[in-house]
């Protein structure tokens, strides 16, 4: 079994375990069975009862995390180092979950669901605007001084030197990306700067610029936020769910997680369209073979999977296989503005689901067990 297929089955296990747990919880009404009504006599006891739910999920996901972080990897970080990184990532995520839960619970109790939904929207905005900071806290990535090579490549790509940050990470699949709601900073992996030929680095930066200028990144963020917001509204209106009691809150989390699962199945189509559109946007910038070489090189640091079955790609992969991308480059050109894609919509949706204590954000095949990419997911 190839490395990519091992990661896929690992993700299916992590996502499947989470979905089955959420389904069992809402079908059998487990939150109301196991959380005593006395938990709601105090705000602190209610918060602690809700926290036990996400801690239980982390415990159940731990075997998949260990396999995904220590065994099915390009380079093993070592047990001690991985444990330290995993604990760091989990504790930061739990701290955010505690903050989000406290705010949603209190505002729902005091002002009702409508105000709580507005708070949820605000929490998503905070996650987007502080994505770089959270990636640093969770994944331990390193902000390095911008090298002359990156500064020159940015200039050649039409980017200001102040707009790029050189980021070190030991995770080969780390690809950085635009950070902040208005995408003012581009995080560029140090591996790219050191290992890519200058011409390929310039092309990679031009492609990232096209993603921003063409509105693909903005659309990805808006689609992700809209999907999550609709999901929370629906979740709070479903049986036995609410945001004012401990048991009802956990039930809402489970419904919201199931909605995220639907997003994992639906949104990849929009994400793949954005990848194709970004490829087309820079196809005419120079030698088409150079773009093909770049696609092949970057894919080699991630799944390294030339081809996939149509069903597997449609359901599981928001980034097309490199074979699909190379064939698409040979198709008639289409203007970037005509593209209907939303760049990284699926993976942005998963990250922003932290605002609703979503259970799938670090259970998917691309990042399970790898804290370095729990916030800035792997991608094109």
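The values are calculated or read from the model by the stated rules, or taken from the named source; none is laboratory data. This is a predicted model, so every value here is computed, not measured. So basically every Cβ, Gly included, is an ideal-geometry build from the backbone, and we count neighbours across all protein chains shown.
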Within the stretch 78-99, can you find the residues that are over 27 Å from residue 124 (Cα atoms) and crowded, with 18+ Cβ neighbours inside 10 Å?
82
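Considering every residue within the stretch 330-345, establish whether at least one is part of a helix (DSSP H, G or I), out of contact with any strand residue (DSSP E or B) (no Cβ under 8 Å at 6 or more places or on another chain), modelled with pLDDT of 90 or more and surrounded by 14 or more Cβ atoms within 10 Å (Cβ to Cβ). Write out each step before concluding.
Let us first name the residues in the stretch 330-345 that are part of a helix (DSSP H, G or I), namely 336-338, 345.
Now narrow it down to the ones that are out of contact with any strand residue (DSSP E or B) (no Cβ under 8 Å at 6 or more places or on another chain): 336-338, 345.
Filter once more, keeping what is modelled with pLDDT of 90 or more: 345.
Next cut, surrounded by 14 or more Cβ atoms within 10 Å (Cβ to Cβ) only: 345.
The answer is yes; a qualifying residue exists.
How many residues does the stretch 26-51 contain that are more than 32 Å from the chain's Cα centre (by Cα) and surrounded by 17 or more Cβ atoms within 10 Å (Cβ to Cβ)? Even if it seems obvious, please write down each step before you answer.
Taking the stretch 26-51 first, the residues more than 32 Å from the chain's Cα centre (by Cα) are 33, 36-42.
Imposing the further condition that a residue be surrounded by 17 or more Cβ atoms within 10 Å (Cβ to Cβ) reduces the set to 39-40.
Final tally of qualifying residues: 2.
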Do any residues in the stretch 15-33 that are on the phi < 0 side of the Ramachandran plot and without any contact (Cβ under 8 Å) to a residue 12 or more places away in the chain have Cβ atoms under 7 Å from those of residues that are part of a helix (DSSP H, G or I) and surrounded by 14 or more Cβ atoms within 10 Å (Cβ to Cβ), where the two are at least six apart or on different chains, and which pairs are they?
24/30
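Anything in the stretch 68-85 that is within 24 Å of residue 5 (Cα to Cα), in a helix (DSSP H, G or I) and in contact with a helix residue (DSSP H, G or I) (Cβ under 6 Å, 6 or more places away or on another chain)? List them, or say none.
68, 69, 70, 82, listed by residue number.
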Looking for something surrounded by fewer than 20 Cβ atoms within 10 Å (Cβ to Cβ), under 22 Å from residue 177 (Cα atoms) and more than 24 Å from the chain's Cα centre (by Cα) - is there at least one such residue anywhere in the stretch 62-76?
no
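Report whether or not residue 91 is without any contact (Cβ under 8 Å) to a residue 12 or more places away in the chain, within 30 Å of residue 11 (Cβ to Cβ) and under 18 Å from the mean Cα position of the chain (by Cα). It would help to see each step written out before you state the result.
Details: without any contact (Cβ under 8 Å) to a residue 12 or more places away in the chain: yes; within 30 Å of residue 11 (Cβ to Cβ): yes; under 18 Å from the mean Cα position of the chain (by Cα): yes.
When the stated conditions are applied, residue 91 passes them.
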Here is a list: 104, 99, 123. Which entry is farther than 19 Å from residue 347 by Cβ and in contact with a helix residue (DSSP H, G or I) (Cβ under 8 Å, 6 or more places away or on another chain)?
104
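So which residues in the stretch 109-125 are free of Cβ contacts under 8 Å to residues at least 12 places away in the same chain and in a helix (DSSP H, G or I), if there are any at all?
If we filter the stretch 109-125 for residues that are free of Cβ contacts under 8 Å to residues at least 12 places away in the same chain, which is where we start, we get 110-112, 114-115, 118, 122.
Across the stretch 109-125, the qualifying residues are 110, 111, 114, 115, 118, 122.
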Subset tally (residues that are more than 30 Å from residue 309 (Cα to Cα), touching a helix residue (DSSP H, G or I) at 6+ places or on another chain (Cβ under 9 Å) and assigned to a helix (DSSP H, G or I)) for the stretch 1-51
20
Surrounded by 17 or more Cβ atoms within 10 Å (Cβ to Cβ) and touching a strand residue (DSSP E or B) at 6+ places or on another chain (Cβ under 8 Å) - does that describe any residue in the stretch 112-127?
no
Considering only the stretch 81-94, I want to know if a residue exists there that is more than 27 Å from residue 302 (Cα to Cα) and at pLDDT 95 or above.
yes
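Identify, please: which residue in the stretch 127-158 is in a helix (DSSP H, G or I) and out of contact with any helix residue (DSSP H, G or I) (no Cβ under 8 Å at 6 or more places or on another chain) and is, among those, farthest from residue 89 (Cα to Cα)? Let's see the steps before the verdict.
Quick first cut of the stretch 127-158, residues in a helix (DSSP H, G or I) only: 127-129, 131-139, 148-157.
Still in the list and also out of contact with any helix residue (DSSP H, G or I) (no Cβ under 8 Å at 6 or more places or on another chain): 129, 132-133, 135-136, 148.
Working: 129: 19, 132: 14, 133: 13, 135: 9, 136: 10, 148: 32 Å.
Taking the candidates together, the pick is 148.
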